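No lab work stands behind these numbers, since they all come straight from the coordinates. Keep in mind it's a predicted model, so treat the numbers as computed, not measured. Because the Cβ atoms are built from the backbone with ideal geometry, glycine has one as well, and the counts that use them run over all protein chains shown.
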Amino acid sequence: MLVYPETKIYVLCPSGRRSETADNCHWLCAQLIRLGVEAYMVYLPGGGENISVDDFYLRYNLPYDTGVEDSAKNILIVPEVASTYLYFTKQTRRVLWWFDVDNFFRDMGERLVQQFDNILTKPMPKFFTFSHFDKDVEHWAQSEYARQFLKINGVPDEKIFTVSDCLNKNFLNYAAKIDTAAKKNLIAYRPVPNRDFTGVVKNLVKDVEWRAVEDLTSAAMQKLFAEAKVYVDFSDHGSKDKLTREAAISGCVVITGRRGSAGNDADFNIPAEFKFDETVNAALAAAEKIGDALENFDAEYARQIEFREKILREGETYLEEIASALGVAVPEKIAIGIVHGLDDIGADVADILLAQDAELFPAFIIDDDADNSAASIIHEQNRSYLNLDSGRRLEIISSADANFLYGVGRIQKFLRTSNAAAEIDFVRENLNPAEGDVIELDFEVESND
């Protein structure tokens, strides 16, 4: 899908609360901006200025709009759970992002039930259909499971692009430090409502602690995966879900069913003996494999190395997939967060780098003590910007937000403007970058202060 210099891309997103769909939409918009595309979030239900954005998503520091400028040069990206919104524009080019195939049918069923209660007062909504009426819609598939689903329903290859996702870099950095030798005989598992196969397997693997991965904070989830030897997930796997990948990259031996994306080797490329059908005989086999993983952990863990290596590559392939789908190039420049040095030269450094068109691109300036009342600082959409001498502006963010944006790829490296011990400590304690992701200033700057 061709991106013109004036193209605006709108990512539609459910508003007001956290959800996996909302997470994915914000992450996608962040990558679009990283690619240099003019992109906006549009929160649903839209209309006017009554926008409800969960505080968690403010940390993405993304621009938003209250509607879509209906133009043939613009692009609208809609998650599968909001397919009815594909029909709110007439000219804008449309993308339907299939992150979780199963969610499409759940959402359709819920909407139809609601609609039948008002069948005489409200028209039926227009759902997406696999017919010639929607032949201009482009499809992005998060998983091989979604791609196969689209193929079966007659979507031509040229209308399907793989646009997956990746794990948070902060999570990967944490996982890289896990000592697998210190793991416990502990099984982490995902409860599956209304199905008792997991319960059957649990009853067969006794005298071992099973701990559910529900209602946990991110930190508690990381700690559980760091301690557990095995992760068991017999859910529907409507997408190439992050939870299974997070467990794997944290050193857990992964045991799954064969539903959804777990049923193919492209999405979850673990050996077949770690995947089980939901039958009585399979429950016995699954229990035996879990016992093997607990008793012979090192050997069973080694057998899933290709899965973990694939997960680690996703950080690069995700951005490349989006770029390929849009026909744009992955930028060679490195997006940096400038640490506001003790000498307050961050703005001068940014101007110099921009004037030199350097490899390092100033994306943010990090300052926990910015004077928000200063005349050089302007405020828009809950964000603050510093006006540079060059006439350009640079967004100011806190160290907490900088750490978050580093995790989702908006910041690739941090630039220290001072070698003072206090600034070195600030970077280590507040930003926690991986080794090699901190750059030291290699030129002299004379402050205008």
For residue 183, counting only lysines whose alpha-carbon sits under 17 Å away and dropping same-chain residues fewer than eight positions off, the answer is 223, 229
Computed on Cα atoms, the radius of gyration and Dmax of region 334-440 in angstrom are 12.8, 37
CD proxy, 222 nm, the chain: helix-only mean residue ellipticity via -39,500 (n - 2.57) per DSSP H run with n ≥ 4, per residue, nearest 500, stands at -10000 deg cm²/dmol
Toy charge model, Lys and Arg Cβ at +1, Asp and Glu Cβ at -1: region 334-440 dipole around Cα centroid in debye, rounded to 20, equals 380 debye
Ranking 24, 156, 43 by how far each Cα lies towards the positive end of the charge dipole of the chain (+1 on Lys and Arg Cβ, -1 on Asp and Glu Cβ), the top one is 156
Footprinting proxy, 379, 340: sorted fewest to most Cβ within 10 Å, the residues are 379, 340
If every Lys and Arg gets +1 and every Asp and Glu gets -1 at its Cβ, then about the Cα centre the chain yields a dipole, in debye to the nearest 20, of 1940 debye
The cysteines in the chain that find no other cysteine Cβ closer than 4.7 Å to their own Cβ are 29, 166, 252
In a Gaussian network model of the chain with springs linking alpha carbons closer than 10 Å, the residue among 400, 358, 262 that fluctuates most is 358
Most exposed first, judged by fewest Cβ atoms within 10 angstrom, 75, 377, 33 run 377, 33, 75
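What is the magnitude of the charge dipole of region 169-311 about its Cα centre, with +1 placed on the Cβ of each Lys and Arg, -1 on the Cβ of each Asp and Glu, and no other charges, expressed in debye to the nearest 20? Walk me through the numbers before you get to the answer.
Details: 21 positive and 23 negative charges, 78 e Å.
Roughly 380 debye for region 169-311.
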Between the residues 427, 271, 188, the Cα farthest towards the positive end of the dipole of the chain, that dipole coming from +1 and -1 charges on the beta-carbon of Lys, Arg, Asp and Glu, is from 271
Exposure-ranked with fewest Cβ neighbours within 10 Å first, 443, 364, 234 stand as 443, 364, 234
With the dipole of the chain defined by +1 on each Lys or Arg Cβ and -1 on each Asp or Glu Cβ, the option from 354, 5, 284 whose Cα lies farthest towards the positive pole is 284
Counting as exposed only GluC sites (Glu not before Pro) in DSSP loop states with no more than 14 other Cβ atoms inside 10 Å, the longest exposed-site-free span of the chain is 70-213
Here, residue 55 and residue 313, labelled 7 Å along Cα→Cβ, have an inter-label distance in nm of 4.1 nm
